[in-house]
Amino acid sequence: MKTYIPQIKKVDPEMADLIKKECKRQEETLMMIPSENIASEAVQQAVGSCLGNKYAEGYPNKRYYQGQEYIDLIENLTKERAVKAFGVVHANVQALSGSPANLAVYLGVLKPGDTILGLDLSHGGHLTHGSKVSTSGIYYNSVAYILNKEGKMDYEAIEKLALKHKPQLIVAGITAYPLKVNWSKFAKIADKVGAYLMADVAHLSGLIVAGVYPSPAPYAHIITTTTHKTLRGPRGAMIMVTKKGIKKNPDLAKIIDSAVFPRLQGGPHINTIAGIGIALKEAMTTRFKKYGEQIIKNSQTLAKELKNRGFHLVAGGSNTHLILIDLKNKDVIGNLAAEALEAANIVLNRNSVPFDSNPPFYPSGIRMGTPGITSRGMKEKEMIKIATWISDIIDDIVRIQDKQELSFAQVKKSSVRKKIIASSKTIKEVKKEVLKLCKKFPIQGEY
Ligand code: DSN
């Protein structure tokens, strides 16, 4: 993995050392947090380029500063690529990240107090889909829909809520839902109540461009996405307006643009915008299509193997890039499982599961995904190994926890979890195997 830091070493050895260590950590661990990925060297170079020096408040041909000759061309090129990749009418590429992108949409099309209907955070939604601790639930009247007992979208229940609460905007989007979303069913519900349908495809945008996940473009009015997840771009976001969106409101593109600037943000990050443009070019290739296909094959293999080893998968499995395991049948909290796996260099995250009886800080589940490890070239054979390691480690820590008869209150203590992890021989053995695997599949600079 290239670290791009020779000058940092000269100027700030302390910072260079930390960056180098983080690069080494990434090289030596399995990146299995489903929202993370490895951007190509080309993308990373754009982000670190001179473009970060430029202020460009406004939009192409309508800026508030001089010196925009090339900046305008860069932003227009990225916008054109987004329009082509997603089959939309308009793309705003200035939103600084996913949360401000969603907020800009609300700011554009809603009035404070209007109603948003979105997936509950603890059922796999996102903070910005109406959580009461987020602006989306503070300035707007947010109503949450939840999954059914099987952990699947319940479109009938969503429709009932929509008819009851008459939202002005419905969010169809996920961060921890392992199955495909039915955009058409969401569209019917939104149309029935006259709401805007916003598809938040942050987790899914790379899969959509690769053609392995249905596109919401024919169904939603607005599509938001981050650009650093399955799309493998820099940390940024886009807001797109579809043909259907323009039909509903001919001014929608203008409304979105002015919500981003000047209503929410100042100067755009042109270095990020160039990185997004490069990632979009990379994503519209046959190579990337194969990458998308492999992400899903890997996820399905991993899911099948984990199920065979007695894990309870939310929604019964995965046909996307992510898997959510409900660990209640294993009697272990997500914190201990995730920390034990991290000690063996398998990095994923603890996560609430639908109808979780545990608090969000000590949830009952773990969430994992295959975008990062697929970027390193790993395939089904490696997924079988990884599933075995995950299973062996969790079984071992459960054995230690049970032998010591530790209560939930005790395992909530970080010091207790550290002791369990330190006493596991399995973790040490698996770590050696993971290191070997990481060496065999180095992080390359290609997409
Ligand atoms: N934090 C992201 C995730 O992990 O899914 C969502 O923004």
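Taking every DSSP helix (H) stretch of at least 4 residues in the chain, weighting each as -39,500 (n - 2.57) and dividing the sum by the residue count yields a mean residue ellipticity at 222 nm of -14000 deg cm²/dmol. Pairs with C-alpha atoms separated by more than 30 Å, drawn from the list Lys20/Lys431; Lys289/Lys418; Lys54/Lys247, are Lys289/Lys418; Lys54/Lys247. The residues of the chain have, on average, 44 Å² of accessible surface per residue, using a 1.4 Å probe with all protein chains present.
What you get for the range 279-419, charging only the Cβ of Lys and Arg (+1) and of Asp and Glu (-1), is a dipole of about 360 debye around the Cα centre. What's the local net charge at Asn351, with K and R +1, D and E -1, over the other residues with C-beta under 15 Å away? Value of the local net charge: -2. Relative contact order of the range 50-202: 16 percent, from C-alpha pairs under 8 Å at least 6 residues apart in sequence. Working from Cα pairs under 8 Å separated by at least six residues, relative contact order for the range 99-146 is 37 percent.
Order the peptides 209-219, 54-64 from the highest to the lowest mean number of other Cβ atoms within 10 Å of their residues.
209-219, 54-64
Bridgeable lysines around Lys149 (alpha carbons under 24 Å apart, same-chain partners fewer than 8 residues away excluded): Lys132, Lys160, Lys164, Lys180, Lys185, Lys188, Lys304, Lys307, Lys328, Lys330. Ranked by the mean number of other Cβ atoms within 10 Å of their residues, highest first, the peptides 221-227, 313-319 fall in the order 221-227, 313-319.
To make sure I understand the rule: partners must be aspartates and glutamates, Cα under 16 Å from the Cα of Lys403, and not fewer than 8 residues away in the same chain. Which ones qualify? Cα-Cα hits under 16 Å: Asp331, Asp395. Across the options Ala337, Ile256, Ala217, the greatest Cα extent toward the positive end of the charge dipole of the chain (unit charges at beta carbon of Lys, Arg, Asp, Glu) belongs to Ala337. Among Gly365, Gly52, Gly275, the residue with the largest mean-square fluctuation in a Gaussian network model of the chain, with springs joining Cα atoms closer than 10 Å, is Gly52. For the residues Leu437, Leu252, Leu406, a GNM of the chain with alpha-carbon springs under 10 Å puts the largest fluctuation on Leu406. Under the membrane-span-like helix rule (DSSP H runs whose alpha carbons stretch at least 20 Å along the helix axis, mean Kyte-Doolittle hydropathy -1.0 or higher), the chain yields 69-86, 380-403, 425-440. Kindly identify the chain as rounded, prolate or oblate by the Cα gyration tensor criterion: order the square roots of the eigenvalues as a ≥ b ≥ c, call it rounded if a/c is under 1.5, otherwise compare a/b with b/c, prolate if a/b is larger, else oblate. Oblate. Summary of the geometry: the range 408-425 and the range 228-286, compared by the centres of their Cα atoms, lie 44 Å apart. Straight Cα distances below 15 angstrom link Lys297 to the aspartates and glutamates Glu305, Glu380, Glu382, with same-chain residues fewer than 8 positions distant left out.
Taking every DSSP beta bridge that has both ends in the range 108-216, the antiparallel portion is near 10%. Here the range 66-193 is treated with +1 on each Lys and Arg Cβ and -1 on each Asp and Glu Cβ, and its dipole about the Cα centre works out to around 460 debye.
Please tell me the relative contact order of the chain in percent, rounded to the nearest whole number, where contacts are Cα pairs under 8 Å and at least six residues apart. Provide the component values of the computation, followed by the final result.
Values: 898 pairs, mean separation 95.5, N = 447.
Reported as a whole number, the value is 21 percent.
Normalised by residue number, the volume inside the convex hull of the Cα atoms of the range 89-235 is 105 Å³ per residue.
Of the cross-linked pairs Lys24/Lys425; Lys229/Lys385; Lys2/Lys385; Lys290/Lys381, those separated by over 19 Å at the C-alpha level are Lys24/Lys425; Lys229/Lys385; Lys2/Lys385. For the peptides 408-414, 85-91, 187-193, the ranking by packing is 85-91, 187-193, 408-414, with the highest mean count of neighbouring Cβ atoms within 10 Å listed first.
The apolar share of the surface of the range 253-300, taken as the fraction of accessible area on carbon and sulfur atoms (1.4 Å probe, ligands and nucleic acids excluded), comes to 56 percent. A simple charge model with +1 on the Cβ of Lys and Arg, -1 on the Cβ of Asp and Glu and nothing else charged puts the dipole of the chain at about 480 debye relative to its Cα centre.
The values are calculated or read from the model by the stated rules, or taken from the named source; none is laboratory data. The shown structure was predicted, so the numbers you read here are calculated from the model rather than taken from an experiment. Reconstructed Cβ throughout: ideal geometry from the backbone, glycine too, with neighbour counts over all protein chains shown. Surface accessibility is based on the protein's heavy atoms, side chains included, excluding ligands, DNA and RNA. Shrake-Rupley method; radii C 1.70, N 1.55, O 1.52, S 1.80 Å.
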